[in-house]
């Protein structure tokens, strides 16, 4: 039986008199790949901040890895990749390998040098995202998709059990979006890392994720992607707030 990694029960959050989240309940278990989708202003970023412990909900309870979030002390079990534009200055004079090794900084402490073991961990993480051949390349010389793979390697270098990503395809050209999500799906299947992904790329990611959560201040649907696929365009449009047209697989083929 899969272990619970994230368990949200009746989460609500208000900003002054504005409701950001209302009665959100959701559980992510080990080995699952969740896509969290919803329109702008639906509360996705607020929910991520609550899960990461950066924001306390107005109401509700949160558990991480089976215990209350307030007593959670194993932050290394969670890898986080924010939107690339906010995550790292690509003008910083660093190689790909140096960027990935920086993911170990919180464990190393101040003024401690990286060891050969640390470097091997970074190289191993780069192999996972198929970027090891670029380890000596300057981070600023890479394409948007390549940079995001490096940032994922940086999150993976500490060998987390959960990877959380906020709109990771920002800055990636459309031709590479599907291959990027395919890489995440392979990461989930081959290494068993649970993934929680916030995205607007609905039709691409919902074909690859194992579970879907539809959020617009409250959860309108959550469950396996097979059940999500049974929803009609009318049902999707109703909770999303504007018309949604499903793309069929043939329409998505040019993205590969």
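The values are calculated or read from the model by the stated rules, or taken from the named source; none is laboratory data. Please read these numbers as outputs of a predicted model, since none were measured by experiment. Using ideal geometry, Cβ is built from the backbone for each residue, glycine included, and neighbour counts are taken over all protein chains shown.
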What do you reckon, is residue 179 surrounded by fewer than 18 Cβ atoms within 10 Å (Cβ to Cβ) and in contact with a strand residue (DSSP E or B) (Cβ under 9 Å, 6 or more places away or on another chain)?
no
Report yes if residue 133 is in contact with a helix residue (DSSP H, G or I) (Cβ under 7 Å, 6 or more places away or on another chain) and farther than 13 Å from residue 183 by Cα, otherwise no.
no
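Do you know which of the residues in the stretch 51-76 that are in a helix (DSSP H, G or I) and either in contact (Cβ under 8 Å) with a residue 12 or more places away in the chain or under 22 Å from residue 193 (Cβ atoms) (or both) is farthest from the chain's Cα centre (by Cα)?
We begin by selecting, within the stretch 51-76, every residue in a helix (DSSP H, G or I); these are 51, 69-71, 75-76.
When the remaining residues are screened for being either in contact (Cβ under 8 Å) with a residue 12 or more places away in the chain or under 22 Å from residue 193 (Cβ atoms) (or both), the result is 51, 69, 75-76.
Numbers: 51: 12, 69: 19, 75: 15, 76: 15 Å.
Residue satisfying both the conditions and the ranking: 69.
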Can you tell me which residue in the stretch 206-224 is surrounded by the most Cβ atoms within 10 Å (Cβ to Cβ), limited to those that are free of Cβ contacts under 8 Å to residues at least 60 places away in the same chain and closer than 19 Å to residue 27 by Cα?
220
Within the stretch 113-203, helices (runs of 4 or more DSSP H) holding 3 or more residues that are farther than 30 Å from residue 231 by Cβ:
116-128, 144-156
Taking the stated definitions as given, is residue 163 touching a residue at least 24 places away in the same chain (Cβ under 8 Å), closer than 14 Å to residue 83 by Cα, buried (at least 23 other Cβ atoms within 10 Å of the Cβ) and touching a helix residue (DSSP H, G or I) at 6+ places or on another chain (Cβ under 9 Å)?
yes
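Residues 203, 227: which one is modelled with pLDDT of 90 or more, surrounded by fewer than 18 Cβ atoms within 10 Å (Cβ to Cβ) and either farther than 18 Å from residue 48 by Cα or within 17 Å of the chain's Cα centre (by Cα) (or both)? Write out each step before concluding.
Numbers: 203 fails: modelled with pLDDT of 90 or more.
Just a single option satisfies the conditions, and that option is 227.
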Do we have residue 48 as under 21 Å from the mean Cα position of the chain (by Cα), modelled with pLDDT of 85 or more and part of a helix (DSSP H, G or I) here?
yes
So, in the stretch 32-44, how many residues would count as being modelled with pLDDT of 95 or more and part of a loop (DSSP other than H, G, I, E, B)?
1
Matching residues in the stretch 1-31 (touching a residue at least 24 places away in the same chain (Cβ under 8 Å), surrounded by fewer than 16 Cβ atoms within 10 Å (Cβ to Cβ) and in a loop (DSSP other than H, G, I, E, B)) number 3
From the set of residues in the stretch 233-246 that are part of a loop (DSSP other than H, G, I, E, B) and either surrounded by 13 or more Cβ atoms within 10 Å (Cβ to Cβ) or out of contact with any helix residue (DSSP H, G or I) (no Cβ under 9 Å at 6 or more places or on another chain) (or both), which is modelled with the lowest pLDDT?
246
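Would you say residue 82 is within 30 Å of residue 207 (Cα to Cα) and at pLDDT below 95? If you could, list the steps in order and put the result at the bottom.
Numbers: within 30 Å of residue 207 (Cα to Cα): yes; at pLDDT below 95: yes.
Criteria met by residue 82.
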